[in-house]
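Colleague: For reference, the structure I am asking about is given below.
None of the figures in this text is laboratory data; all of them are computed from the coordinates on show. Computed from a predicted structure; not experimentally measured. Cβ placement follows ideal geometry from the backbone for every residue including glycine, while neighbour counts extend to all protein chains displayed.
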Amino acid sequence: MSITRRRFLGWMGAAGMGLTVGRPANAAGNKNFSGYPESIGVLHDMTRCIGCRKCEAACNEINKLPAPEQPFDDLSVLDNKRRTDATTYTVVNRYDGIQGADGPIYRKVQCNHCQEPACASACFVRAFNKTEKGAVTYDASVCVGCRYCMIACPFYVPAYEYNEPLEPRIMKCTLCYPRLMDGKLPGCVEICPKEALTFGKRDDLITIARERIRSFPEQYVQHIYGEHEMGGTNWLYVSGVPFSALGMREDLGVTPAPKLTSGALASVPVIAGLWPVLLTGIYAVSKRKDKIAAQERRQAVKAALTQASADAESKLSKALEQAELKHKRLLEVEVKKAVEEATANNEEENS
Amino acid sequence: MMSEEAIAGNKSLFTPFNLVAGIIVLMGVLLTILRFTGGLGAITNLSDNNPWGIWISFDLLCGVALAAGGYTTSAACYIFGLKKYHSAVRPAILTAFLGYALVVLALHYDVGRPWRLPYPIFVQQGTTSVLFEVGLCVFLYLTVLLIEYSPAALEWLGLKKVRNIVVKLTLVLTIFGVILSTMHQSSLGALFLIAPSKVHPLWYSTYLPVFFFVSSIFAGLSMVIFESTLSHHYFHDKMDDTHLKENRHVTFGFAKAACWVLGGYFVMKVFGISMDNNWHYLGTSYGLWFLVEILGFVALPCFLYAVAVREKNVRLIKWTALWTVLGIVVNRFNVSMIAFNWQLPSSERYFPHWMEIGVTVFLITVFIIAFRFIAKRMPIFYEHPEYRDTH
């Protein structure tokens, strides 16, 4: 057996400690993270988007993704609703016949780069990183391919290379992080011909969005999507029609993803601390109960034995007594008989 | 393995069991080749919207829940001091050990780069992830189960000294096992806490971890009863008098316990709906299915166990155990598959590919072959004559 006691105890310690240290989302803590202050983002004004798919083309080229089946200038692709997949970091969808809109509305889909990303919180090898710049990046060199990030993402963004047998990766928009570090704009923002995408600091983008809504209240819905959704995202959206009409969930709530599981994770130290004490206690109690029961049994047997032997003794002595008495009486009778006989004999002789 | 079995049984190699098992194993090998040459896309219906399928829903979630007999039985015997269940411990530990081993094996098919499975523990720890907790606990518990199971193998191999040392660790291992089980059974439910927008409100609850843990208790208890039914059928000749005599205690005791836990679980489920005020969902089609689950697979077995124990009806207990086990499968499927992505149109929902089911059937077959191999050779259903009364 290769498991020594020391190693085993080490594991026990590691199990307890590993789960209690280094956890940024602390349920009981008094810390509040509201995003990196200088982080950048993109504001997508859906009233300006014309669905030209130029952003898709630029993204494809910059990220060296495989060429699509249909070319990017083929707008018939927009007839179907699409989502991001293993070969596309961003897609544009068209929404027709929406009440209150003159024509079709277009929405660009890509990673929203959450301020507190669900994918990063869910990843058990920390393959995702929320950079101070604002981008959520992914490191394929540690990824196990468990796809829990895809379960966790409320926006259905991360995609997986399902047809890659040995080295599948998670695929998603990086906000062109390498370009940002070079001082360049994200590919999609740079190419957009209608300024539907505005690049800037997230705080500034919120101000810009508010300003647009305030200046043209009849043109916009009074909501900046992404300002608070799931704790806020670095991509922000303004729209002329309700977001739910564009396939955007409005019931996501404002709780950042890490907070959703921090409560459950906080139970780990409780279990690790309480169970050993409680279970050892139960063991001790049950063992003691057994011991006392055994003791009582022994005592009862002993008492019964003593009682029995005492009974037997008294019975014996009584029997002896009786026997003696009987013997005595018999003797007396015999003596009497003998005396009587003797007397009779004497009388006979005398007479 | 199978040829050895044939020799051990002194029979022909082509028994019906060997034939069926052989065909399934052959299919499994082919599917394995497909999986590792074509990727997940080649044999699964998984998609970007539905990244987890039955390999998670059944192999992982149900597998772990149904292997809970290990910690419940050993805790009952060694911690709570219910010595009359002693003969049930070894079969339960063996089931748990093989069950967990199979869960880990199944994950090798599901994750993209299986050789990196140790990464979250040894390379880079994502401690904010519930999956990290699951991974660490399952890894540690599998080790614990291996040690807990090892005395049977060591007795078989005649390694007396090592065996006696391991047996001394029983209590510590049992307590450690309960701690680890509490953590990972519950955190399998907690996995879904991060996706409130994707899981139907009737199944999404902040109590998910508690639901998963409590249901694992009656799952484990019922599985022990169900399995002993099968074992009595197939391994009766291996069982010693103690095992046969104690089996009645185990059946009734475990049925009673399962009945109580099911009752508590039912109350908690109702409490869960009240807490989130989800009553209005009960009228929908999902609501009906939810009612089927908690009335048909929780309240009903609870009632049936109670009746069966009162009337000393062993047959009914056995059928109820099977029903309860099915109920666990229904519940885990509901949370992870049926209620998951409930808002997506049906064209974007997941239904398993036959080859995914094939891999699962293959893994279950491997479990049965391994169980049979061990139960036929090692002291599982009987006490080794040289070690009688040394525990």
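Colleague: Determine which member of the set B:VAL359, B:VAL335 is under 18 Å from B:HIS200 (Cβ atoms), part of a helix (DSSP H, G or I) and out of contact with any Asp or Glu (no Cβ under 7 Å at 6 or more places or on another chain).
Modeller: Values: B:VAL359 fails: under 18 Å from B:HIS200 (Cβ atoms).
Only one candidate qualifies: B:VAL335.
Colleague: Next question. Restricting to segment A:122-136, and then to whatever is within 12 Å of chain B (Cβ to nearest Cβ) and buried (at least 24 other Cβ atoms within 10 Å of the Cβ), can you tell me which residue is nearest to A:TYR225 (Cα to Cα)? It would help to see each step written out before you state the result.
Modeller: Going through segment A:122-136, the residues within 12 Å of chain B (Cβ to nearest Cβ) turn out to be A:122-130.
Filter again for buried (at least 24 other Cβ atoms within 10 Å of the Cβ), leaving A:122-124, A:127.
Details: A:ALA122: 23, A:CYS123: 25, A:PHE124: 29, A:ALA127: 27 Å.
Only one residue tops the list, namely A:ALA122.
Colleague: Let me ask something else. Just checking, how many residues over segment B:374-387 are buried (at least 16 other Cβ atoms within 10 Å of the Cβ) and farther than 16 Å from B:HIS232 by Cβ?
Modeller: Here the count works out to 6.
Colleague: List every residue pair whose Cβ atoms sit under 8 Å apart, with the two residues 6 or more apart in sequence or on different chains, where the first one lies in segment B:45-72 and is assigned to a helix (DSSP H, G or I) and the second, anywhere, is of a type in the set (Lys, Arg).
Modeller: Matching pairs, first to second residue: B:SER57/B:ARG332; B:PHE58/B:ARG332; B:LEU61/B:ARG332; B:CYS62/B:ARG332; B:ALA65/B:ARG332.
Colleague: Quick one: in segment B:20-41, of everything that is within 14 Å of chain A (Cβ to nearest Cβ) and touching a helix residue (DSSP H, G or I) at 6+ places or on another chain (Cβ under 6 Å), which residue is surrounded by the fewest Cβ atoms within 10 Å (Cβ to Cβ)?
Modeller: Of the residues in segment B:20-41, the ones within 14 Å of chain A (Cβ to nearest Cβ) are B:31-41.
Then keep just the ones that are touching a helix residue (DSSP H, G or I) at 6+ places or on another chain (Cβ under 6 Å); that gives B:31, B:34-35.
Working: B:LEU31: 20, B:LEU34: 16, B:ARG35: 21.
The extreme case among them is B:LEU34.
Colleague: Tell me which of these A:LYS287 doesn't satisfy, since it passes every other one: (1) in contact (Cβ under 8 Å) with a residue 24 or more places away in the chain; (2) facing chain B (nearest Cβ under 10 Å); (3) not polar (S, T, N, Q).
Modeller: The number of the failed condition is (1).
Colleague: Shifting gears a bit: Which residue, of A:CYS111, A:CYS119, A:CYS59, A:CYS55, is within 30 Å of B:VAL134 (Cα to Cα), in a helix (DSSP H, G or I) and either more than 14 Å from chain B (Cβ to nearest Cβ) or under 33 Å from the mean Cα position of the chain (by Cα) (or both)? Before you say what the answer is, go through the steps one by one.
Modeller: Numbers: A:CYS111 fails: in a helix (DSSP H, G or I); A:CYS59 fails: within 30 Å of B:VAL134 (Cα to Cα); A:CYS55 fails: within 30 Å of B:VAL134 (Cα to Cα).
Testing whether each residue is within 30 Å of B:VAL134 (Cα to Cα), in a helix (DSSP H, G or I) and either more than 14 Å from chain B (Cβ to nearest Cβ) or under 33 Å from the mean Cα position of the chain (by Cα) (or both) leaves just A:CYS119.
Colleague: Taking segment A:152-170, which residues are closer than 10 Å to A:CYS111 by Cα and either surrounded by 24 or more Cβ atoms within 10 Å (Cβ to Cβ) or at the interface with chain B (Cβ under 9 Å from one of its Cβ atoms) (or both)?
Modeller: Start the filter on segment A:152-170 by keeping residues that are closer than 10 Å to A:CYS111 by Cα, which leaves A:153, A:155-158.
Result: A:CYS153, A:TYR156, A:VAL157, A:PRO158.
Colleague: Follow-up question, since we're still on this one. Does segment A:301-322 contain at least one residue that is within 60 Å of the chain's Cα centre (by Cα) and within 14 Å of chain B (Cβ to nearest Cβ)?
Modeller: Initial filter on segment A:301-322 (within 60 Å of the chain's Cα centre (by Cα)): A:301-304.
Now narrow it down to the ones that are within 14 Å of chain B (Cβ to nearest Cβ): none.
Checked segment A:301-322: no residue is within 60 Å of the chain's Cα centre (by Cα) and within 14 Å of chain B (Cβ to nearest Cβ).
Colleague: If I filter segment A:137-151 for residues that are away from chain B (no Cβ under 12 Å), in a loop (DSSP other than H, G, I, E, B) and more than 30 Å from B:ILE43 (Cβ to Cβ), do I get at least one hit? Spell out the reasoning first.
Modeller: Initially, segment A:137-151 is screened for residues away from chain B (no Cβ under 12 Å), giving A:137-138.
Now drop any that are not in a loop (DSSP other than H, G, I, E, B), which leaves none.
No, the conditions are met nowhere in segment A:137-151.
Colleague: Hey, among A:GLY200, A:GLY183, A:GLY187, which residue is in contact with a strand residue (DSSP E or B) (Cβ under 8 Å, 6 or more places away or on another chain), away from chain B (no Cβ under 14 Å) and of a type outside the set (Asp, Glu)? Before you say what the answer is, go through the steps one by one.
Modeller: On the way: A:GLY183 fails: in contact with a strand residue (DSSP E or B) (Cβ under 8 Å, 6 or more places away or on another chain); A:GLY187 fails: in contact with a strand residue (DSSP E or B) (Cβ under 8 Å, 6 or more places away or on another chain).
Among A:GLY200, A:GLY183, A:GLY187, only A:GLY200 is in contact with a strand residue (DSSP E or B) (Cβ under 8 Å, 6 or more places away or on another chain), away from chain B (no Cβ under 14 Å) and of a type outside the set (Asp, Glu).
Colleague: Further, regarding this structure: Residues of segment B:234-252 being aliphatic (A, V, I, L, M) and in contact with a Phe, Trp or Tyr (Cβ under 6 Å, 6 or more places away or on another chain), which ones?
Modeller: Across segment B:234-252, the qualifying residues are B:MET239, B:VAL250.
Colleague: Turning to a different aspect of this structure: I'd like the residue in segment A:67-84 that is surrounded by fewer than 18 Cβ atoms within 10 Å (Cβ to Cβ) and touching a strand residue (DSSP E or B) at 6+ places or on another chain (Cβ under 7 Å) and, out of all such residues, is farthest from A:LEU175 (Cα to Cα).
Modeller: The selected residue is A:LYS81.
Colleague: Shifting gears a bit: Please specify each residue of segment A:75-108 satisfying the condition of being aliphatic (A, V, I, L, M) and away from chain B (no Cβ under 12 Å).
Modeller: Residues satisfying the conditions are A:LEU75, A:VAL77, A:LEU78, A:VAL92, A:ILE98, A:ALA101, A:ILE105.
Colleague: On to the next question. Can you tell me which of B:ALA190, B:ALA195 is surrounded by 24 or more Cβ atoms within 10 Å (Cβ to Cβ), over 17 Å from the mean Cα position of the chain (by Cα) and within 14 Å of another protein chain (Cβ to nearest Cβ)? Walk me through how you get there before you give the answer.
Modeller: Details: B:ALA195 fails: surrounded by 24 or more Cβ atoms within 10 Å (Cβ to Cβ).
Just a single option satisfies the conditions, and that option is B:ALA190.
Colleague: Only one of B:GLY296, B:GLY327, B:GLY272, B:GLY283 is closer than 20 Å to B:VAL199 by Cα and out of contact with any Ser or Thr (no Cβ under 9 Å at 6 or more places or on another chain). Can you tell me which?
Modeller: It is B:GLY283.
Colleague: While we're looking at this one, here's another question. I'd like the full set of residues that are touching a strand residue (DSSP E or B) at 6+ places or on another chain (Cβ under 6 Å) and either part of a loop (DSSP other than H, G, I, E, B) or more than 26 Å from A:VAL92 (Cβ to Cβ) (or both), limited to segment A:152-167.
Modeller: A:PRO158, the sole residue that qualifies.
Colleague: Exactly one condition in (1) touching a residue at least 24 places away in the same chain (Cβ under 8 Å); (2) in a helix (DSSP H, G or I) is not met by B:LYS312; state its number.
Modeller: Only one criterion in (1) touching a residue at least 24 places away in the same chain (Cβ under 8 Å); (2) in a helix (DSSP H, G or I) is unmet by B:LYS312, namely (2).
Colleague: Can you name every residue in segment A:50-72 that is touching a residue at least 24 places away in the same chain (Cβ under 8 Å) and at positive phi? Talk me through it step by step, then tell me what you get.
Modeller: Going through segment A:50-72, the residues touching a residue at least 24 places away in the same chain (Cβ under 8 Å) turn out to be A:50-63, A:65.
If the condition is that a residue be touching a residue at least 24 places away in the same chain (Cβ under 8 Å) and at positive phi, then A:GLY51, A:ARG53 are the ones that fit.
Colleague: Here are some residues: B:ILE328, B:ILE368, B:ILE364. Which one is in contact with a helix residue (DSSP H, G or I) (Cβ under 6 Å, 6 or more places away or on another chain), farther than 16 Å from B:GLY53 by Cα and among the aliphatic types (A, V, I, L, M)? Lay out the reasoning, then the answer.
Modeller: Details: B:ILE368 fails: in contact with a helix residue (DSSP H, G or I) (Cβ under 6 Å, 6 or more places away or on another chain); B:ILE364 fails: in contact with a helix residue (DSSP H, G or I) (Cβ under 6 Å, 6 or more places away or on another chain).
Exactly one residue qualifies, and that residue is B:ILE328.
Colleague: Something else: For B:HIS108, work out the one condition from (1) more than 19 Å from B:HIS249 (Cβ to Cβ); (2) surrounded by 21 or more Cβ atoms within 10 Å (Cβ to Cβ) it doesn't fulfil.
Modeller: (2)
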